[in-house]
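To start, the structure itself, in structure tokens.
The values are calculated or read from the model by the stated rules, or taken from the named source; none is laboratory data. Bear in mind the structure is a predicted one, so any value in this text is a computation, not a measurement. All Cβ positions, even for glycine, are placed from backbone atoms using ideal geometry, and neighbour counts span all protein chains on display.
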């Protein structure tokens, strides 16, 4: 099958969504399918071999300039190639360009306006490229923030378009008015142009059906999968230090502050407890981390952003794991990675964590945004080492059975082939 799979670069950040897209594309390629993985905005950063194309559409510099200055909406395409070059995009990705909530709102609305927005020229470039290439069997968009491209793509190549759903509601809810309402209106107006929506969890399928009004018959759950190479489970033996771990973006929506407060409570009964955190830290969240470190009495060790080898080593040296997101998380990739190394996990009783732990049996649930409930569950596992071992073993097996990249690719093909067949046989 020939698949044109778009992903969204996140500058210099390890992004769960683009890493998931890369893993899926790589596995489909390994199974013999013709996959073109093409980034939007910036080149992608992954901790596995990157299989994406060098060419980037809607280059971050171009779309920024077009949003800010009318002149750049009319510059020749040949000139645009200068700031769309991978070299310049990578250089720009290393710099943090401050953007106000108003700019993000204006930009989001403009992109969602598609051919009527300030990035009209970028849509034209994409359509021109599509018409010059052999058509794929199916096209996949990375999220609904680019749903305005579905109609131009279908008009250009007459092929079905799918759209992944993997957490964009958090971004949309953070937009100020009137941009939030206008963005939702534009997304909903483009739903008819998408042949299938691919939520990454059962939870998110139900949530997005209500949030965006997507018809249920166009929702096809495509669960996450991770590349398990290197994720050997290790035999953990109780030592003097009880190491509690967190691995995710350092941001309020991921809940490190909840874990730090639970840790503070836990230390009253378990003085040997130690809190270790790792993950990408954006400049705007440095104050957030400093505040948490101060509240933890200096007992929080931050290990920075980790590559794949460092991440696996970090996880293998913990005793227990939690990313206690107050936000109802639709994905949960770090939890899968932790369980793959045999770690018992403690996660909030909402979002995708419910189905992940139901399928794997690899951890316990606590009441969301409740440090006392989290501390109680962490302490329960500490006082019952056999339970920790049982949960760790179940999680290791459960991830391999339900959340491998091979299983994710098989499900993706099932959906893609079904959508392509249905579209080809639809009465015209």
(request) Scan the range 24-37 for residues that are crowded, with 19+ Cβ neighbours inside 10 Å and either touching a strand residue (DSSP E or B) at 6+ places or on another chain (Cβ under 7 Å) or at pLDDT below 95 (or both) and jot them down. (result) 25, 28, 35, 37
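Which ones in the range 398-412 are part of a helix (DSSP H, G or I) and buried (at least 16 other Cβ atoms within 10 Å of the Cβ)?
Restricting attention to the range 398-412, the residues satisfying the condition of being part of a helix (DSSP H, G or I) are 398-402, 405-412.
Matches in the range 398-412: 398, 399, 400, 402, 405, 407, 408, 409, 411, 412.
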(request) Among residues belonging to the range 1-23 that are assigned to a strand (DSSP E or B) and under 11 Å from the mean Cα position of the chain (by Cα), point out the one that is surrounded by the most Cβ atoms within 10 Å (Cβ to Cβ). (result) 7
(request) For the range 377-394, indicate whether the set of residues that are touching a residue at least 24 places away in the same chain (Cβ under 8 Å) and part of a loop (DSSP other than H, G, I, E, B) is non-empty. (result) no
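Can you tell which of 262, 248, 233 is farther than 27 Å from residue 12 by Cα, surrounded by 20 or more Cβ atoms within 10 Å (Cβ to Cβ) and touching a residue at least 60 places away in the same chain (Cβ under 8 Å)?
Working: 248 fails: farther than 27 Å from residue 12 by Cα; 233 fails: surrounded by 20 or more Cβ atoms within 10 Å (Cβ to Cβ).
After applying the criteria, what remains is 262.
Can you pull out every residue in the range 1-19 that is out of contact with any strand residue (DSSP E or B) (no Cβ under 6 Å at 6 or more places or on another chain) and over 20 Å from residue 282 (Cβ atoms)? Before the answer, list the steps.
Step one: filter the range 1-19 for residues out of contact with any strand residue (DSSP E or B) (no Cβ under 6 Å at 6 or more places or on another chain), giving 1, 10-17, 19.
Answer for the range 1-19, where residues must be out of contact with any strand residue (DSSP E or B) (no Cβ under 6 Å at 6 or more places or on another chain) and over 20 Å from residue 282 (Cβ atoms): just 1.
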(request) Kindly provide the set of residues from the range 176-198 that are part of a loop (DSSP other than H, G, I, E, B) and closer than 21 Å to residue 222 by Cβ, ordered by number. (result) 194, 195
(request) Mind listing whichever residues of the range 299-335 are in a loop (DSSP other than H, G, I, E, B), more than 16 Å from the chain's Cα centre (by Cα) and within 26 Å of residue 238 (Cα to Cα)? (result) 299, 303, 304, 306, 317, 318, 319, 322, 324
(message) Please count how many residues of the range 194-216 are touching a strand residue (DSSP E or B) at 6+ places or on another chain (Cβ under 7 Å) and surrounded by fewer than 19 Cβ atoms within 10 Å (Cβ to Cβ).
(response) 1
